[in-house]
Amino acid sequence: MNLTKSLTLNEDEMLLLDGKCTEENQKEINKIKEILNFGATSEFVGRALLSIKESGEFRWVSSHDMSTCLYCDNCPRGYQKYPRNGRHHRKGDSNHDKPYRYRGFTVNPAFVRFTGIAGCCPTCFGKFREEIFQKMREFDIKAQCKMHGYENEISKDEQRKCHNCKELMWTSEMRREPVMIGNGTFASECPHCKARSSTFGNSHHYTGEFRILEK
Ligand SMILES: [Zn+2]
Ligand SMILES: [Zn+2]
Ligand SMILES: [Zn+2]
């Protein structure tokens, strides 16, 4: 028989499967255990901490496309009201084409998009950010932060694979060269065979591995 079925499980249900499931599912359970272990006050903080640990980076972005904040009552879900009567609606009816939109914050957006975590409002984010930094100290999570006013002395050093000699290298060991347009430089040259990266041609691809350097 193959009675495979996709289920949505909450964390308590997932923990019942701990050590009793496939390797694939166990990976997800391990993540949940790690998040719970942080003892964070919210899912936002717990998931953010895991993303920071796994990516070696702490970044945040704000956008104006949040429909509600799940962590407070300041940003209720809803719709703008029609200001006057129309052919299909009356004054004061909800305009379902115009949901309320609030400013929201997300942490490590690429990672977070993948996990489907919702954003939070600026007030909640202010508190969560404090908690995240405090938990990073408590759990000795080292991650690069380049956000204005929060810059730290830690850098994430990405590993790459040479397109020519196939050797591995750290980005910090690669000779840099100036970008074609504008200011700045980019990591270009393989320290083993001197093969360069070009903007439109071959490049030394990130392997997904990184190390943390402390200045
Ligand atoms: Zn209408
Ligand atoms: Zn909020
Ligand atoms: Zn090389």
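The values are calculated or read from the model by the stated rules, or taken from the named source; none is laboratory data. What you see is a predicted model; the values in this text were computed from it and never measured. A quick note on method: Cβ atoms are made from the backbone with ideal geometry, for glycine too, and the neighbour counts reach across all protein chains shown.
Taken together, the residues in segment 173-191 that are out of contact with any helix residue (DSSP H, G or I) (no Cβ under 8 Å at 6 or more places or on another chain), surrounded by 13 or more Cβ atoms within 10 Å (Cβ to Cβ) and of a type in the set (Gly, Ala, Ser) amount to 1.
Could you list, in sequence order, all residues of segment 159-186 that are aliphatic (A, V, I, L, M) and in contact (Cβ under 8 Å) with a residue 24 or more places away in the chain? Listed by number, the residues that qualify are Leu168, Met169, Met174.
Across segment 152-171, which residue is surrounded by the most Cβ atoms within 10 Å (Cβ to Cβ) among those that are within 16 Å of ligand 3 (Cβ to nearest atom) and closer than 30 Å to Phe133 by Cα? By that ranking, first place goes to Arg160. The condition of being surrounded by fewer than 19 Cβ atoms within 10 Å (Cβ to Cβ), more than 16 Å from ligand 1 (Cβ to nearest atom) and among the β-branched types (Val, Ile, Thr) holds for Val61.
Identify all residues within segment 172-215 that are touching a Leu at 6+ places or on another chain (Cβ under 8 Å) and of a type in the set (Gly, Ala, Ser); write none if there are none. Listed by number, the list holds a single entry, Ser172.
Of all the listed residues (Gly78, Gly86), the sole one being farther than 27 Å from Cys124 by Cα and surrounded by fewer than 17 Cβ atoms within 10 Å (Cβ to Cβ) is Gly86. So for segment 65-85 (the condition being more than 30 Å from His148 (Cα to Cα) and not assigned by TED's automatic domain parsing to the domain that holds Arg101), does at least one residue qualify? No, the conditions are met nowhere in segment 65-85. The strands (runs of 3 or more DSSP E) located wholly in segment 111-190 that include 2 or more residues which are within 30 Å of Lys31 (Cβ to Cβ) occupy 154-161, 168-170.
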